[in-house]
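Trainee: If you scroll down you'll find the structure; I have some questions about it.
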Amino acid sequence: MPSTPATLGSLLTQMYQNKEVLQGWDAVLNLLEGAVNTFFQQQWAGLTHGAGRMSIAAVWCEGVNPAPVGGGYYTTVHCFSTELGPPLFQFQSGRAQVTVRQNILSGSLTTGTMPVPANFNPANCDCTPNDSRVSWSTPEQVNTGLNPFLSGTVPLTQVQGLVSATTESVVLQFAQGAFALNALSVTSVSSTSIANALKNWFATNRISYCLASIDRRPLGAPPGLTPRSFRFNVLQTNAGNTIVQLLISTDGPTPSSMSINVSEPIPSADGYTCSLMVSSRVLFQEVLSPGFNKPGGQFSLYAQPDGPTGNWAAFLSPQMHFAGSFSYGNCCNRHTDTYSIYLGLTFRGSATNGFAISQHVHASGNAPVDIDVSGQYPVALSGSGQGQTLTIVPGNPNVSVSGSVEDAIKSNLQGILQNNVRTSMAGVSFAPVSLLALESILFPGYLMSMRQAQVPTDLVVVGTFQPN
């Protein structure tokens, strides 16, 4: 795919030209790696109670040996005490794992011996730091001047029921990671043994970071905006952005592709750190048409694919019908003709003005006439936090009629557009989209702050990922 700058204008142009870009996914949430890292730092602050460092004392036993004096047996006990600095996470393109690095701010290794029975299992060591059963030696201090650090790789795993019975979460569980110690000065025990002990400590203390949770409850939204499943993806863009994606299926099939057809999903050059995209199928079928269609209304919309590119549109039903008669000629040679003209309306996306309508009709015969209708219905944002909403701004379409029955048709058509179509468009609710963005996709203490919404066929909402 050709390189494009990471601007909102470029994103909208590319989405508009490519039409349906989600490759079969019903919704896609895109997050900048830097914003996710900041989100993880907030969780780190919670794990450390704001101390800015994590205090660890990992204790483990090694071996069962005959006591050199007095008979019996003993095991060797180690206690590695350390303080780790804040973690730095890096996502890897195309891989469901994250690399992590944490500086060792201080530390020491203390070794001792403890009497045990002959059948003692070192794997079940239940010693604690400063355990009185252990004869401890003098601690060996970590040389922090060497800038030691812990590094590792932690897989992103999907966990059911972490938040509630209906949620599925993407979690970094340190108990499943692989770790190494770098530039560590202690020599009495291998760094591999210490790294394994730290991993066990992470497991015992349930050290984990939740990237996101998907709530599968309807929450009042239709099936097309209720998540059913999701996949996780990471991509590196030509602009140097690392993008973390949640690819969401609702009532559609789960695609095999793990990508979408845009090169820069987040307009980072304009200061945005996240974007939410909703497929045109869902948008026109679950939002626009049901919102437009009112009980007893004269007109309704039906959504369907709009050509071979996969994008959807909405069409007015029934078509507007203009019929009548007119007379011409003199009193001795008078003629009366009738006309019957049908005019539909098609609602599509536009590059920068929300929903757009356009229609052209040329009627020939005894009453030739040309009718052109065009107009835009932008999408506006209001509210903040959990109260963010999207609404359509009703517009007055432009009408051009030329021909023998211009006045009669133009007046009638303008009345329909202003009284019927405008009123129905004003009633379209984006509440299901807000539910998806703010309540079905969960981030502990964080949410998407929406800044702009456009409909270049698929709906795209851009904003910042920030504390709630």
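Every number here is computed from the coordinates shown, using simple stated rules; none is lab data. Bear in mind that the values here come from a model prediction, so they are computed numbers and not experimental data. We place every Cβ from the backbone using ideal geometry, glycine too, and count neighbours over all the protein chains shown.
Trainee: Can you tell me the dipole magnitude for region 295-426 around its Cα centre, using point charges on the Cβ only (Lys, Arg +1; Asp, Glu -1), in Debye to the nearest 20?
Mentor: Here the size comes out at about 200 debye.
Trainee: Nearest 0.05, what FRET efficiency do residue 419 and residue 254 give at R0 = 41 Å with Cβ-Cβ as r?
Mentor: 0.40
Trainee: Treat the count of other C-beta atoms within 10 Å as a stand-in for reagent exposure and order 258, 15 from fewest to most.
Mentor: Fewest to most other Cβ atoms nearby, the residues stand as 258, 15.
Trainee: Classify region 145-220: rounded, prolate or oblate, from the alpha-carbon gyration tensor (a ≥ b ≥ c, eigenvalue square roots; a/c under 1.5 rounded; otherwise prolate if a/b is larger than b/c)?
Mentor: prolate
Trainee: Could you point to the residue in 354, 381, 398 farthest towards the positive end of region 295-426's charge dipole, with +1 and -1 charges on the Cβ of Lys/Arg and Asp/Glu respectively?
Mentor: Working it through, the farthest residue towards the positive pole turns out to be 381.
Trainee: Could you derive backbone 3J(HN,Hα) for region 194-201 from the dihedral phi with the Karplus parameters 6.51, -1.76 and 1.60 (θ = phi - 60°), listing whole Hz in sequence and x where the residue is Gly or Pro?
Mentor: 5, 4, 5, 5, 5, 4, 5, 5
Trainee: Can you give the angle from 0 to 90° between the axis of helix 33-47 and the longest principal axis of the chain, with both taken from C-alpha atoms, to the nearest 10?
Mentor: On a 0 to 90 degree scale, this one is about 50.
Trainee: Within region 177-226, report the trypsin sites (Lys or Arg not before Pro) that DSSP leaves as loop and that have at most 16 other Cβ atoms within 10 Å.
Mentor: 206
Trainee: Moving on to the next point. Of the listed peptides 274-281, 451-458, what is their order by residue-averaged count of other C-beta atoms within 10 Å, with the highest listed first?
Mentor: The most tightly packed comes first, giving 274-281, 451-458.
Trainee: Taking a ≥ b ≥ c as the square roots of the eigenvalues of the Cα gyration tensor of region 295-426, is the shape rounded (a/c under 1.5), prolate (a/b larger than b/c) or oblate?
Mentor: prolate
Trainee: Calculate the length of the line joining the C-alpha centroid of region 28-98 to that of region 404-442, in whole Å.
Mentor: Each part reduced to its Cα centre gives a spacing of 55 Å.
Trainee: Something else: How tilted is helix 406-415 with respect to the longest principal axis of the chain? Cα atoms for both, answer in degrees (0 to 90, nearest 10).
Mentor: 40
Trainee: Counting pairs of alpha carbon atoms under 8 Å apart in space and at least six apart in sequence, what relative contact order in percent does the chain give?
Mentor: Relative contact order of the chain: 17 percent.
Trainee: Please list, by residue number, everything in region 431-468 whose backbone N is under 18 Å from a paramagnetic label point 7 Å out along Cα→Cβ of residue 269.
Mentor: 462-463
Trainee: I would also like to ask the following. Under 1.5 on a/c is rounded, so check that first for region 237-295, then, if it is not, pick prolate when a/b is larger than b/c and oblate when it is not; a ≥ b ≥ c are the square roots of the alpha carbon gyration tensor eigenvalues.
Mentor: Here region 237-295 falls in the oblate category.
Trainee: Suppose every Lys and Arg Cβ carries +1 and every Asp and Glu Cβ carries -1, with no other charges. What dipole size does the chain come out with about its Cα centre, to the nearest 20 debye?
Mentor: 320
Trainee: Can you list the equivalent-ellipsoid semi-axes of the chain, largest first and in whole Å, using the square root of 5 times each Cα gyration tensor eigenvalue? Don't jump to the answer; show the numbers that get you there.
Mentor: Details: eigenvalues 930, 70, 51 Å².
For the chain, the ellipsoid semi-axes come out as 68, 19, 16 Å.
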